[in-house]
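Engineer: Got a structure here, written out as structure tokens. Questions coming.
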Amino acid sequence: MQVWLHLVYKIPRNPSKVRVYVWRKLKRLGAVLLHDSVWCLPSNPKTKEQFQWLTVEIKELGGEASLWESQLVLGMKGEDIIKEFMEQVEQEYVEILAELKKKQIDLVSLSKKYQQIKIKDYFESELGKRVLSELQNARGGING
């Protein structure tokens, strides 16, 4: 059974840059918004550490935050939550595939983008594997 981390937080409305900072950090981690200010990640040592750091940061920024670890008992299906994680990374993988079809491509930039997406691909998308293969083929085509 999948174990989940839930970050629950509250931040003062002003200054708004603090709210934006936390939101951007959550998006970079690939966290999924479950409800209002309840964000979710699959539990593993890396995600736990990331959410612990963010919990401390939110408190240092004048907010309130708590970190929970749980298992789904009733309500949403675990597969539904996993699907949300998959959809967000696959949308970004599709963008890379579209870029790879262009005549002029920036492989360095696309490779960096792939690495950033891969960090939040917690459930190892098949599309992500295809993107990696396409990037490797493109690299071979340029070098060859």
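Computed from the coordinates by the stated procedures, all read-outs in this text should not be read as laboratory data. Quick caveat: nothing in here was measured; it's all calculated off a predicted structure. Virtual Cβ from ideal backbone geometry, glycine too; neighbours counted across all protein chains shown.
Engineer: Using only Cα atoms and rounding to the nearest 10 degrees, what angle (0 to 90) does helix 78-100 make with the longest principal axis of the chain?
Structural biologist: 40 degrees
Engineer: More than 15 Å apart: what percent of Cα pairs in region 3-75 qualify? Write out the running numbers ahead of the final one.
Structural biologist: Working: 1331 of 2628 pairs.
In whole percent, the share of Cα-Cα pairs in region 3-75 beyond 15 Å is 51.
Engineer: With an 8 Å Cα cut-off and a minimum separation of 6 or more residues, compute the relative contact order for region 85-131 in percent. If you can, show how the numbers build up before the last one.
Structural biologist: Working: 29 pairs, mean separation 27.8, N = 47.
For region 85-131, the relative contact order is 59 percent.
Engineer: Only Cα pairs under 8 Å and at least 6 apart count here; give the relative contact order of region 15-125 as a rounded whole percent.
Structural biologist: Details: 57 pairs, mean separation 29.9, N = 111.
That works out to 27 percent.
Engineer: Name the long-range amide H neighbours of residue 34: under 5 Å, sequence gap of 5 or more, or other chain; modelled H, no Pro or chain starts.
Structural biologist: 39, 40
Engineer: Taking a cut-off of 15 Å between Cα atoms, list the aspartates and glutamates near residue 102, but don't count ones fewer than 8 places away on the same chain.
Structural biologist: 134
Engineer: Same structure, new question: Roughly how many nanometres apart are two label points built 7 Å out from the Cα toward the Cβ at residue 57 and residue 101?
Structural biologist: Computed distance between label sites residue 57 and residue 101 equals 3.6 nm.
Engineer: Measure nothing fancy, just the Cα-based angle from helix 45-60's long axis to the longest principal axis of the chain, in degrees from 0 to 90, nearest 10.
Structural biologist: In the chain, helix 45-60 runs at an angle near 50 degrees to the longest axis.
Engineer: May I pose another question? Under a cut-off of 30 Å between alpha-carbon atoms, report the lysines in cross-link reach of residue 10, not counting same-chain residues fewer than 8 places apart.
Structural biologist: Here the lysines satisfying the reach criterion relative to residue 10 are 25, 27, 46, 48, 59, 77, 83, 118, 120.
Engineer: Same structure, new question: Suppose the chain between residue 83 and residue 24 were pulled fully straight at 0.36 nm per residue; how much longer would it get relative to their current alpha carbon spacing? Spell out each step's value before the answer.
Structural biologist: On the way: separation 59, 0.36 × 59 = 21.24 nm, distance 2.11 nm.
Extending this stretch completely gives an extra 19.1 nm.
Engineer: At 222 nm, what helix-only mean residue ellipticity would the chain give, in deg cm²/dmol to the nearest 500, using -39500 (n - 2.57) for each DSSP H run of four or more? If you can, show how the numbers build up before the last one.
Structural biologist: Details: 5 runs with 84 residues, N = 144.
The helix contribution divided over the chain gives -19500 deg cm²/dmol.
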